[in-house]
């Protein structure tokens, strides 16, 4: 969800410069089934434009309609949307609609953390019984103790509320998921474009002997011309995946050697299983003390068995495998899954009681 929040912040900054008021709608709770889970948000501008979504498109018109009173009164409200008779999901959504008016200091702090890949928290305070009230708000908390409300009056201090006074929904905003593609052939272009469409930040590493421009990879945020001995992945974390696809065994081995000390979520190797075994055997020969943790994050051949043939289909299979790894899911057809599509932590807790 962080990439959606990042897009909202970027759009809000443009709107703020133009003096266009904004309101934020956030799904803070769901009872039953729904298209999206709690935490998704939608920015609504006074001119009627929106950024983001709280559902698949069926709820947004009602949110837009109910947001008008928040524009008029500057007082947050909680709206409920029962999809039982209007949707196929049969879920009850609780959506917090509040003014969105973050000052420049708050925006700068958010941008800094997004750029530096530093997590932060958002806590939304609301009530299902009281439909409107100034106590309702979402509060950003940074690790250094800084706090910013989505909105506050001039000179207002972010309120301190008792945990049991109202309901709250907390979520940690992890760094935007990032894919680093090492290789610059046409299949890398397909993987870049589809990963960007997924909402991931994409960086491309190309050879300095055949440098590429950012325009060669639509959707990429950065492109680096780096030889293996110069390779450096900034801010490596568990929100990062790497795919090696240079189509050159020697280069892949040299790049893999530079990755051996990183702890990321996924490293994918292009090519058949016998190529992977040769790569790993050569790597272990040079570095016999490689730990199991590093070896476990290597996936080769990269991708799920979807019968993929074209560069675009191969990209889909790789993205699907990365998703299954970072979401800790065993890929199966949804029709074969027992229970709900989305695992509900609250439902699991109730079942365990």
Among the numbered criteria (1) part of a strand (DSSP E or B); (2) surrounded by fewer than 16 Cβ atoms within 10 Å (Cβ to Cβ), which one does residue 140 miss?
(2)
Out of everything in segment 1-42 that is in a loop (DSSP other than H, G, I, E, B) and within 15 Å of the chain's Cα centre (by Cα), what residue ends up being modelled with the lowest pLDDT?
36
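Has segment 179-190 got at least one residue that is farther than 23 Å from residue 308 by Cβ, in contact (Cβ under 8 Å) with a residue 12 or more places away in the chain and surrounded by fewer than 21 Cβ atoms within 10 Å (Cβ to Cβ)?
Of segment 179-190, the ones farther than 23 Å from residue 308 by Cβ are none.
Looking for residues that are farther than 23 Å from residue 308 by Cβ, in contact (Cβ under 8 Å) with a residue 12 or more places away in the chain and surrounded by fewer than 21 Cβ atoms within 10 Å (Cβ to Cβ), one finds none in segment 179-190, hence no.
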Collect the residues in segment 54-78 that are surrounded by fewer than 19 Cβ atoms within 10 Å (Cβ to Cβ) and under 20 Å from residue 169 (Cα atoms), keeping them in residue-number order.
75
Could you tell me how many of the residues in segment 243-253 are surrounded by 17 or more Cβ atoms within 10 Å (Cβ to Cβ) and farther than 20 Å from residue 193 by Cα?
2
Taking only segment 210-242 into account, find how many residues are in contact with a helix residue (DSSP H, G or I) (Cβ under 6 Å, 6 or more places away or on another chain) and within 19 Å of residue 195 (Cβ to Cβ).
6
Can you tell me which of 135, 115, 100 is farther than 15 Å from residue 70 by Cα and either assigned by TED's automatic domain parsing to the domain that holds residue 167 or under 21 Å from the mean Cα position of the chain (by Cα) (or both)?
115
Between residues in segment 128-148 that are at negative phi and free of Cβ contacts under 8 Å to residues at least 24 places away in the same chain and residues that are assigned to a loop (DSSP other than H, G, I, E, B) and surrounded by fewer than 16 Cβ atoms within 10 Å (Cβ to Cβ), which pairs lie under 7 Å by C-beta distance while being six or more apart or on different chains?
139/158; 147/158
Name every residue in segment 259-293 that is under 20 Å from residue 324 (Cβ atoms) and not in a loop (DSSP other than H, G, I, E, B), in order of residue number.
266, 267, 268, 269, 273, 276, 293
Contacts under 8 angstrom Cβ, first residue in segment 60-73 being not assigned by TED's automatic domain parsing to the domain that holds residue 100, partner part of a helix (DSSP H, G or I), 6 or more apart:
none
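The values are calculated or read from the model by the stated rules, or taken from the named source; none is laboratory data. Worth saying up front: this structure is predicted, and the values here are computed from it rather than measured. Note that each Cβ is placed from the backbone with ideal geometry, even for glycine, and that neighbours are counted across all protein chains shown.
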